[in-house]
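Here is the structure we will look at.
The values are calculated or read from the model by the stated rules, or taken from the named source; none is laboratory data. On a predicted model such as this, the values are computed, not experimentally measured, just so you know. A quick note on method: Cβ atoms are made from the backbone with ideal geometry, for glycine too, and the neighbour counts reach across all protein chains shown. Note: areas computed on protein heavy atoms with side chains; ligands, DNA, RNA excluded. Shrake-Rupley method; radii C 1.70, N 1.55, O 1.52, S 1.80 Å.
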Amino acid sequence: MSDAEQQPRGNITSFMDVPYPRKIWDSIRNGDEVDFQELVKTGMVMAFITPYDDEVNRLQDHIKDWANRNREAYVVVNFESDQKSLNRFLEINKNNGRVDHTGLNQLFEKVCMYSSVLSEHQDDTHPSLVSYKTRIIKLNSGKYTAYYLAISSHPDLIDDQRLDQLMAQSREKFDKNLKKAESNNNDSDSNEASPTTVYNVTVGEMNNSNLQVGTINSNQTIKQNDLAAINDLISQMKNSMETLQDSVKEKIISQIESIELQTKSDSPNRQIVSDGLKSIHGILQAVPSAHGTITTIISNLDSILKSLGVF
């Protein structure tokens, strides 16, 4: 459970960002030209930061529901028509203090749909349609903990190394807005408590988007025997941490924190746990000349990931 969960939720609990391509934010606000074909080719990443377990579950399920409903969809490629729609979207948002998030979500969906027939990228979970990863992110110099959910039209844009870079960009942007919001609160003459949390910087939710249809999937639960195996594996990894380089150690500790938030929860999120374990698996496999203990951990990870249906 994250640090902010005991605070009032307010009306908006998600911070939305487009960490890739980052320049699109300025282009939208300024009404600058954006080439739709180029956007489809390079891909697009949308990210959400939320401190709440149930909300990250909801967002994940909405993504999967959208992917399942559109997996076999017939895509008609019409770049001229969609470029006109994009131009209209840019014009509407020109010099506007707030981006039209409904239009932004629709643009992202269109990029994903086009990429599914024009891109060579493949994704095991949602073939060529949409990919996502969830991580734990530290905010405001570690004062707050939240979930970082990155959704991408191209799976390679959110591989572990690039995801770290995207998280750093979003964290910087979020902290900047957070400090501004805290400063405004301090300057206020009112002595009443704010009805929203510090996370409510109001950059948007997925309202009125096709991605926001669905309910939490009961298949996301984790069996007790798998949970016990995961907890044993975490203990094993912690005991072996000193044998690893600091850079490797920091990456694994970050993933362990993410996993433990779930294993200690009354309803652990299967996807977050799977993502964390898969990331650790990739990190350890890249360790040169891994000793026996690391090899054993990798073997145990293989078994757990197979049981969770990842491998």
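First compute the accessible area of region 224-308 with a 1.4 Å probe, then give the percent of it belonging to carbon and sulfur atoms.
Reported share for carbon and sulfur atoms: 45 percent.
Treating cross-link reach as a plain straight distance, find the lysines whose alpha-carbon is under 18 Å from the alpha-carbon of Lys94, omitting any fewer than eight places away in the same chain.
Lys23, Lys84
How do Ser14, Ser116 stack up against each other in accessible area, from largest to smallest, with a 1.4 angstrom probe?
Ser116, Ser14
Enter the accessible area of Glu91 (Å², nearest 10), with the probe set to 1.4 Å and all protein chains included.
Taking all protein chains as shown, Glu91 has close to 110 Å².
Would you list, by chain and number, the lysines whose Cα falls below 18 Å from the Cα of Lys249, excluding same-chain residues fewer than 8 positions away?
Answer for Lys249, where 18 Å is the Cα cut-off: Lys138, Lys238, Lys278, listed by chain and number.
Given a Förster distance of 45 Å, report the FRET efficiency between Lys223 and His101 from their Cβ-Cβ distance, rounded to the nearest 0.05.
With R0 = 45 Å, the Cβ-Cβ based efficiency is 0.75.
Got a sec? What order do Lys251, Lys133, Lys138 fall in by accessible area at 1.4 Å, biggest, i.e. largest, first?
Listed by decreasing accessible area, they come as Lys251, Lys138, Lys133.
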